[in-house]
1. Which order do the peptides A:208-216, A:342-350 come out in when sorted by mean C-beta neighbours inside 10 angstrom, highest first?
2. Lys/Arg Cβ at +1, Asp/Glu Cβ at -1, dipole of the protein assembly as shown taken about the Cα centre: which of A:LEU25, A:LEU11, B:CYS41 is farthest positive-ward?
3. Partner chain Cβ atoms within 10 Å, averaged over the residues of A:131-142 - can you pull that number for me?
4. Using only alpha carbon pairs under 8 Å that are at least six residues apart, calculate the relative contact order of chain B and give it in whole percent.
5. Given the rule -39500 (n - 2.57) for each run of at least 4 DSSP H residues, summed and divided by the residues of chain B, what is its mean residue ellipticity at 222 nm, to the nearest 500 deg cm²/dmol?
6. Hey, can you grab everything whose amide H is under 5 Å from the amide H of A:LYS79? Only 5+ residues off in sequence or another chain; H modelled, so Pro and N-termini drop out.
7. Given 37 °C and 0.692 mPa s, compute D for the stretch B:431-489 with the Stokes-Einstein relation, Rh being the Kirkwood radius over Cα pairs; round to the nearest whole µm²/s.
8. What is the average number of partner chain Cβ atoms found within 10 Å of a Cβ in A:318-330?
Amino acid sequence: MSLIHASAAQLLTQLESGEITSVELTKACLAQIDAADKEVGAFLKVMTDSALEQAESVDARRKKGEKLGRLAGIPVAIKDLLCTKGEVTTCASKMLENFVPPYDATVITKLKAADAVLIGKTNMDEFAMGGSTENSALGKTRNPWNLKCVPGGSSGGAAACLAASMAPLSIGTDTGGSIRQPASFCGVVGLKPTYGVVSRYGLIAFASSLDQIGPMARSAEDTAILLEAIAGYDAKDSTSANVKTPAYSQSVKQPLKGLRLGVVKEHFGEGLDSEVEASVREAINVYKSLGATVTDVSLPHSKYGIAVYYIIAPSEASSNLARFDGAHYGHRCDEAKMLEQLAKERAALEASGDEKLLGGLDTSLVRMYRQSRAEGFGPEVKRRIMLGTYTLSAGYYDAYYLKALKVRRLIRQDYDAAFKNVDLVIGPTAPTPSFEAGTKTDDPLAMYLGDLYTVTANLAGIGGISLPCGFSKSGMPIGIQLQGPPLAEERLLQAAHMYQTATDWHERRPELS
Amino acid sequence: MSESPYEIIIGLEVHVQLATQTKLFCRCSTKYGAPPNTQTCPVCLAMPGTLPVMNRHAFELAMQTACALNLEIPRFTKWDRKNYYYPDLPKGYQISQYDLPMSQNGYLLISDPKGQFEPRKVRIIRAHLEEDAGKSMHDEAAGKADSRIDLNRTGTPLLEIVSEPDMRSPLEAKAYLTELKLILEYLGVSDCNMQEGSLRVDANVNLHLQTPEGKVATPIVEIKNMNSFRAVERAIAYEAERQYEVWQETKQKIGDVPKQTRGWDDQAQVTRGQRHKEESSDYRYFPEPDLAPVTTTEAEVAAVAASLCELPRQLRERLESQYKIPAYDADVIVNQGKKTVDYYESLAKLGGDGKLASNWVQQEVLRIQKERGIEIEAFPITAERLAGLVKAVAGKEIDGTRAKDVFAEMLDSGKTAADVMKEMGIEKVDDSELENLCRELLEANPKVVSDLKEGTLKAVGVLIGQAKKKNPNIDPGTFRQMCIDLATKM
Ligand SMILES: [Zn+2]
C-alpha cells in the first residue's frame, strides 16, 4: 500500500523497523498535498520546511538509537486554532490573519514531545463557527469525495486532509459536533473526548464550556494512538480532568464482550435522511452480529439540544471574542481614515445642530473598536456575537441563559439515566450526508440542524465518536455515532475498532485527480 | 455645636490588594514599580487560547480577611465574568464574583477613644475576589494624544470589601478605614500602601434631610480617586455640603437622577463630576467557564479562623486588662501595629510596670520614631535595654527627670541603663541614709518643722532643693513624704 494511504499504526511499525524513514513519509504527504490540495483546500498553511526538518531530526535520532516519542516521525495536521509558537494561527479569520502566538498550546507541546511531524494548519469555519467550512475567511475547502460538496465543519480541513490522504492523523476541535460531523461527511473517524480529557490550553476559545480538542484519523486504532498522545491532566487548564490517561492504543483492540448498545429513539425522527437511516440500521445489525445487545433508549430532552446550544455557545463566544478589539489583538482599522471619517460626521452633525445625534456620536476609541471588529469578523461570527450579547444582557439573562443552563442539566441527566442500562448509545452522526457548497449558506438555521445529534454530547460533557458506515447513492460517506458515559473513551474506541474489524468502510478512499 | 440640617449616609467600597507574590490567575510577579509590561505572560496579556488558573494563596488570604471581618464563608463560591470594553482590560472582561461571593454578611466594630462618636457596628455586605485591570497612560501633554497601556497590574488579586451605608460622619468613615487597614496589616494579608494602590477606597455618600413632608434622601454620589484617609474624610465632608447646596437649589431626591460618579481633586479640595464612562453599565455577568468553582469545607474555614492572630480589638482589651493600662493607651499602642505591640509587651513584662512602659513608649519611643521617621524595628534601644530603665524608675532608683537624661544617653550609645546610671553616679539612696539627711535638714530648719506641724506642707519644698544639692540621687517624692512624717513626730 502506498505510504499516504497507510494507517498511522502501520507507518509506526515501518518507521521503527527502518523500512521507511520519516523524511520519505513526510515527503509523500507533502507531494500529495501539492497534488491535491489546490482542489481540496484542506490546508491554510503547509509547514514544508519545519516539517522536513522535524522528520530529518527524528530519523537522525532514530539512527543513533535514541528513545523517541510515541508518534515519532508521523505527520499530523493541526486545525488552525491551536496556538503554535512562531506559526501564524488564524482561526480562519481576517481578525487573526497575522497572529503569531509566542507560545504552544498544550496539545502542540504534547505532539512535539511525542516527536510528531507538524505538517500544516488546516482550514476551518471562522472561529470554529459553522458546519461546512464555508465560513472560513481565508480559503475554500471541498470534500475529497466530491469537490462540489462541503467537507463539513468546523473541522472541515482536518477531516478533508485525512480523506485525501494528505496526512495520516489530524487534530480537530468539537464544540457542537465539529469533529464528528466533518468526519462523517469525509468518511473518516473523529472522536470528541469527554470534556477535560484533553487540555484546552492554547485552543483559541469559541465556547469554553463546550470546546474540546480531539483526534481525527482513518481508523479507530489510529484515533486511539493520537488520543493517547494528546490526552492528560494539565495544570494550566483548571477544567482539565485529573485522571490517569489509559493506554488507549493498547486497549483498542480488545473486543467488548456483551456490549450493550442503546439506540437513541429521538435520533430516528423527522429530518433524518433515509439513506443515512438505512446505513445506520445496517451498522447496528453488524454490532448485533458481533454479539452486542441492542435496546432502545430515550433522551427526551435532546430535542432542545440545538436551542440550548445556540444560547450557551454564542453567550460564551460573545465574551471570549471580546479580546479581539483592535486595541490588544487582531485586526485594527486604518486609524487615520477612521479619525478623518469621524471628524466629517462630527462636522456634519454640528452643522445640522442635532445635539442628540451629536451626543451619541462615537468617541474615537469606541469607533476604533467598532470598526476594527466590523472589518475583522465574518457574518457568522457577528451573528453569534450578537446573539450571545443579547442572551446575556440584563433582562434577558434569566429567560435565556439561565433557562438554557437548566435544560443543559436535564440533557445530562437523560444520558446518566440511559447509561444505567446501556454501555454506549448509537445513532447517526449527522442527519444527512455532505451537501453541495452554497446550498445552505443563506439559511443559517438549516445549517445549525446539522449538529442535531452531536450537540448533546457537548452539552452533557460526554465523549462521542463518528465512524464511516456506508455511502449514499451519490457516493458520499455516511457516519455512525457512538456516545459513552464520562471518561469512557476506551470503550468508545474499542467498540469502534470492533466495528472496523467486521467492515471496510473506513478503508475506502476517494479518487482524486 | 449647632444641630446639623442633615444626616450624612456613608457606605464604603474598599479594594485591597492581597499580599501574594504572584497574580490571581497566572504566576507573574505582583511587585510594584517594574518597567511597563515586564511582569506579564500570555495568560495575563489575554493571549488568545490562554486560560486562568486560580492562585490558592490569594484565596487563603481572602479567607483570613473574611474570618477577621466576621463574614460568613459559604461552602461553594464561583467566578463570573464582568464584560466591558476598556483599553486596560485585555480580555474584554474582568474575572470577578457576582452572585455567590466568597464571603458575605459580616461587620466591623468601630469606636473612638476620644469619645467623638458612639461605638458603632458597621455591617459588611460582602467581600469578594477579583482581578485588577491594567493602567492606561495618556500622553496628551505631548500633543499627540498618545495612549499607552501598562499591563503589569492586570490580574493582581483584589479583595473588594463592601460595607452597608452604616457610617454617619467623615470621622466614622475614617475610623472604619483605619480599623480595617489595621486588621489587614495585623493579618499580613495586604501591605495597604495607598500610594502604590494596594488600598483603594470609593465612598457612596448621600444625605437624609428632615423636611416638613418627612425624611428625604438626596441622590447617591460615588466618590473616587481618594488616595489617603485624610482625603476620604475631607472628600465626604465636602460632598455633604455640596449635596446640601444642590438640594436647596434643585430639591432632587434619590431616584430623580442616576447615580453620579465624582472624583476627588486633592489639590483643589473639591469633588468634580466625571465624564461618563465609555461603556454601558450592563456588564453581562455570567459564570466564568474557564475556572472551576471553589469549594471549602467547614473544617477548612474553622482552621483558618483558629489560625488568625490576635486582632486589634482583642489586643486592646488584653493590653488593658493584662498591663492595667487605660483604653486610650492601649489604643495608641495597638494602632501603631503589631511590632510596636510586641515591643511594648516585652518592655512591660521585663520592666515590671505596664503603665510606666506605656508612658515610655507613647512619649519617648514614638517621639524619637517620629523625629527620625523610623519604624519601631529601627528604634535604637531594644525593649530589653529600655526595660532596665523602666525598672529603675519603677524601683524609684531614679526620678523621671533624670531618667530622661539617662534615656538620651542610652539612645545611640548602646549602653545599658545601669551603665549610664553608674557613669552619671546615679544610685539608689537607702532608707537610713535618706532618713539621716532628712533629720539633718529638719534640725537645721526649725521654721519648716513648725510650718509642717501646722499643716503647711509646701514648706517642705525648700528642703527638697537643699537635699538634691547634697545628694542628687535622692528620690524627691520619697524624701518629701519622709520629711513630713518625721516633722509631725518631732
Ligand atoms: Zn501573567
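1. Numbers: A:208-216: 26.7, A:342-350: 13.2.
Those peptides, ordered most packed to least, come out A:208-216, A:342-350.
2. A:LEU11
3. 0
4. It comes to 14 percent, rounded to a whole number.
5. -12000 deg cm²/dmol
6. Here the answer is A:THR122, A:ILE171, since their amide H atoms fall under 5 Å of that of A:LYS79.
7. Values: Rh = 11.0 Å.
The Stokes-Einstein estimate is 298 µm²/s.
8. Working: counts 5, 10, 7, 2, 11, 10, 2, 7, 0, 10, 11, 7, 1.
The mean count of partner-chain Cβ atoms within 10 Å per residue comes to 6.
The values are calculated or read from the model by the stated rules, or taken from the named source; none is laboratory data. Quantities reported herein were computed from a predicted structural model and do not represent experimental measurements. We place every Cβ from the backbone using ideal geometry, glycine too, and count neighbours over all the protein chains shown. The protein model used for the area step is the full one, side chains on, heavy atoms only, and it has no ligands, DNA or RNA in it. Shrake-Rupley method; radii C 1.70, N 1.55, O 1.52, S 1.80 Å.
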